[in-house]
Amino acid sequence: MNRVFPVLVWSGIAAGGAAAFGVLALSRGESVNAAWLLTAALCSYAVGYRFYSRFLADTVFGLDDRRATPAERHNNGRDFVPTNKWVLYGHHFAAIAGAGPLVGPVLAAQFGFLPGTLWLVIGVVLGGAVQDFVILFCSLRRDGKSLGQMAQEEVNPAAGATAMLAVLFIMIILLAVLALIVVNALRASPWGLFTLACTVPIALLMGWWMKRWRPGRVGEASAAGALLLLGALVAGGWVAGQPHLAPLFTHSATTLTWMMVAYGFIASVLPVWMLLCPRDYLSTFLKITTILVLAFAILVILPPLKMPALTPFATLGEGPVFAGKLFPFAFITIACGAISGFHSLVASGTTPKMIARESDARMIGYGGMLMESFVGVMAMIAACTLDPGVYFAMNTTPAALAQASQALGQAGFVVTPETMQALAARMGEATLVARSGGAPSLAVGMAQIFASATGALAGGGRTLDALWYHFAIMFEALFILTTIDTGTRVGRFMLQEIVGHVWPKFGETSWYPSVIASSACIVAGWGYFLYQGVVDPLGGINSLWPLFGISNQLLAAVALCVGTTILIKMGRQRFAWVTLAPLAWLVTVTMTAGWQKVFSSDPRLGFLAHAASLAGSTDPHAGRLIFNDRLNTFVALLFMLVVAVLIVTSVREWWLVVTRRKAAVVHEAPFVETGYATGD
């Protein structure tokens, strides 16, 4: 009987998820409730975590709690610090959950709710969570080494060195895009900036509380931090309404750029327990709580999905939000949330240096990625509950909206100027037209859901729209900002490793002059691209987001190549399909997208075609736009070439090992038995 009950429960969960997917896929124009989408995702996550992640942990990887982790063996109080698994889960989730799961699904809603949802759910269970877990495991067994260093040791020294440089450059682009979204969200927003600024001293207090004052009292520090964060949220609204205080927290994009650079540098050089870990843990409170409350609100009000399952732009490839057909562009627009190469940098950066037990890697690696996918699903729901006319008006420039007016009209996706003005007034904004980038439209969708839920529970009307809108904007900025500090630290580790081959002393992660110099170089790199995005005539996102998607997924291909190589060398080649399947899909999708973005003859799609269309233009910004297009072309081709070389080299290594023409030598750290007692 004890064995029958779990079988019945899990069979019911699987059947519920299959039924929900059936309702979503078979809808033919009738209204579909958002609760079906939520049910399909949650059931899939539950089944994937319970069965697939356990299979990976026990059978494929063989996690062993008897083995001492790098955090225990190299504990130095700065980078290698054994950390409570719940605190580390919060840090890891905060680090990986940046702009992608919020912005990507909103932009991909242009194709309808079904393609993006399927990619978010299926992609994470079979691809994204697997990548995060396997790279975390591999780094954990190699003293917390980075992805580039593992590629150098396990694949090929020459290809690995090239991959290390490519990974470093890709990460700089990723950090610049994430920082740009934060800058755009906080520009002229005293409420958001004040609240975010308050999270720094709150995190310092929490770090001191858990490390020095009352060690191990995570619950106490968490409660205090949560209360202080709520106080900061309320105080931010008051500050924004004070004429003498609001100007102190109202800054231009350029000023915010310098603030971002300074913050990234400081967070990278301080010990992880002091600012990075408690701040990310604190941020995770807000992130996860908001997402769970959003899910609860959806179940309370049961909002209909107003966006159809598929829109005409899925096949036309002439969408007003961005050009390109569903394949391959839905799969690079939604990067984080389904599979993201950036995560492999975190999983081989700060996180493996802080894990206390190997078994914690399952919840942190696989489980953390499932939660990010859930965030992406919530973003998709929030975007698709908007009226399609409102969605396209917010996410499209006036010129692009005019070009697509015929297709929008035929699909019924129209909205009047009066409707947009009324919506802006409800949200406390001057205008919401042409607020591209995804963040504002997501905030409107979240605000409408929250306001409807609070109105239904209180028995009143929609009186809190403006409050919820500005809360959502702050939530998005905080969501993204936590990735910057961890990403900068990971970049510092990578640069120290690269220079360490020439100057061994520089490669010592605990040598403070090296810490300061490498951190300064990394923030200078992404700070340069951030500034270029801030002054870009098209707003930066139009130029950098396509490159972000392509480079991010190419980085995931690099990570899966390394993971496959290590599995084969461990003698687990019969399980290599767990990484080979997502790798094959990613290579197909990303190389296709990269080729089209560079060589397409459509100026709205191809970098070179767009640059050619501006030749001889009288537009004063034409020169900068042409330079950006050519730079994007060079970077995209460089990344594609490096990844292609690494794939070919990896396949050759697999063949030599499998056919026993080369000895399978793994570079794991020697086994050292843990000093922790069972249950510690």
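The values are calculated or read from the model by the stated rules, or taken from the named source; none is laboratory data. Since this is a predicted model, take the numbers as computed values, not measurements. FYI the Cβ positions are ideal-geometry reconstructions off the backbone, even for glycines, and counts take in every protein chain you see. The protein model used for the area step is the full one, side chains on, heavy atoms only, and it has no ligands, DNA or RNA in it. Shrake-Rupley method; radii C 1.70, N 1.55, O 1.52, S 1.80 Å.
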Close pairs (8 angstrom Cβ cut-off, 6 or more residues apart or separate chains): open to solvent by less than 10 Å² (accessible area, probe 1.4 Å) in the range 362-376, assigned to a helix (DSSP H, G or I) and among the acidic types (D, E) anywhere:
G365/D132; Y366/D132; G368/D132; M369/D132
Which condition number in (1) modelled with pLDDT of 85 or more; (2) outside the structural domain of T482 (by TED's automatic domain parsing); (3) surrounded by 17 or more Cβ atoms within 10 Å (Cβ to Cβ) is the one that A379 fails?
(2)
Based on this model, can you work out whether P105 counts as open to solvent by less than 10 Å² (accessible area, probe 1.4 Å) and either part of a helix (DSSP H, G or I) or more than 23 Å from M378 (Cα to Cα) (or both)?
yes
May I ask you to list pairs of residues, at least six apart or on different chains, whose Cβ atoms are under 7 Å apart, with the first in the range 612-633 being more than 13 Å from V535 (Cβ to Cβ) and the second being open to solvent by less than 70 Å² (accessible area, probe 1.4 Å) and in a loop (DSSP other than H, G, I, E, B)?
S613/P603; A622/L614; I626/L614
In contact (Cβ under 8 Å) with a residue 24 or more places away in the chain, open to solvent by less than 20 Å² (accessible area, probe 1.4 Å) and within 20 Å of G367 (Cβ to Cβ): which single residue out of S27, S44, S53 fits that description?
S53
So, in the range 233-248, of the ones that are open to solvent by less than 50 Å² (accessible area, probe 1.4 Å) and among the hydrophobic types (A, V, I, L, M, F, W, C), which residue ends up modelled with the lowest pLDDT?
L233
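Residue-by-condition table, conditions (1) aromatic (F, W, Y); (2) open to solvent by 80 Å² or more (accessible area, probe 1.4 Å):
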position: L605; (1), (2): no, no
position: L614; (1), (2): no, no
position: H621; (1), (2): no, yes
position: R624; (1), (2): no, yes
position: T633; (1), (2): no, no
position: I647; (1), (2): no, no
position: W655; (1), (2): yes, yes
position: T659; (1), (2): no, no
Listed residues A524, A520; which is of a type outside the set (D, E, K, R), at pLDDT 85 or above, in the same structural domain as D629 (by TED's automatic domain parsing) and open to solvent by 50 Å² or more (accessible area, probe 1.4 Å)?
A524
Return the only residue of L165, L126, L230, L196 being surrounded by fewer than 19 Cβ atoms within 10 Å (Cβ to Cβ) and not assigned by TED's automatic domain parsing to the domain that holds F331.
L230
Residue hits (the range 364-396; more than 29 Å from S452 (Cα to Cα) and over 23 Å from the mean Cα position of the chain (by Cα)) are none
Residue count for the range 108-119, restricted to those that are open to solvent by less than 10 Å² (accessible area, probe 1.4 Å) and either part of a helix (DSSP H, G or I) or at pLDDT 95 or above (or both):
7
For the range 130-162, what are the residues that are within 26 Å of L107 (Cα to Cα) and either touching a strand residue (DSSP E or B) at 6+ places or on another chain (Cβ under 9 Å) or open to solvent by 10 Å² or more (accessible area, probe 1.4 Å) (or both)?
none
In a loop (DSSP other than H, G, I, E, B), modelled with pLDDT under 90 and surrounded by fewer than 22 Cβ atoms within 10 Å (Cβ to Cβ): which single residue out of A309, A335 fits that description?
A309
For the range 552-574, what are the residues that are open to solvent by 10 Å² or more (accessible area, probe 1.4 Å) and either small (G, A, S) or out of contact with any helix residue (DSSP H, G or I) (no Cβ under 8 Å at 6 or more places or on another chain) (or both)?
M570, G571, R574
Within the range 285-306, of all residues that are more than 19 Å from D387 (Cα to Cα) and open to solvent by less than 50 Å² (accessible area, probe 1.4 Å), the one modelled with the highest pLDDT is A295
In the range 77-85, is there at least one residue being within 20 Å of E668 (Cα to Cα), modelled with pLDDT of 90 or more and open to solvent by less than 30 Å² (accessible area, probe 1.4 Å)?
no
Could you please find all residues in the range 262-272 being under 15 Å from R492 (Cβ atoms) and open to solvent by 30 Å² or more (accessible area, probe 1.4 Å)?
Y263, F265, I266, L270
Given the conditions (1) over 21 Å from Q553 (Cα atoms); (2) surrounded by fewer than 24 Cβ atoms within 10 Å (Cβ to Cβ), report the number of the one that A393 does not fulfil.
(2)
If I181 passes every condition in (1) of a type outside the set (D, E, K, R); (2) open to solvent by less than 10 Å² (accessible area, probe 1.4 Å); (3) at pLDDT below 80 but one, which one does it miss?
(2)
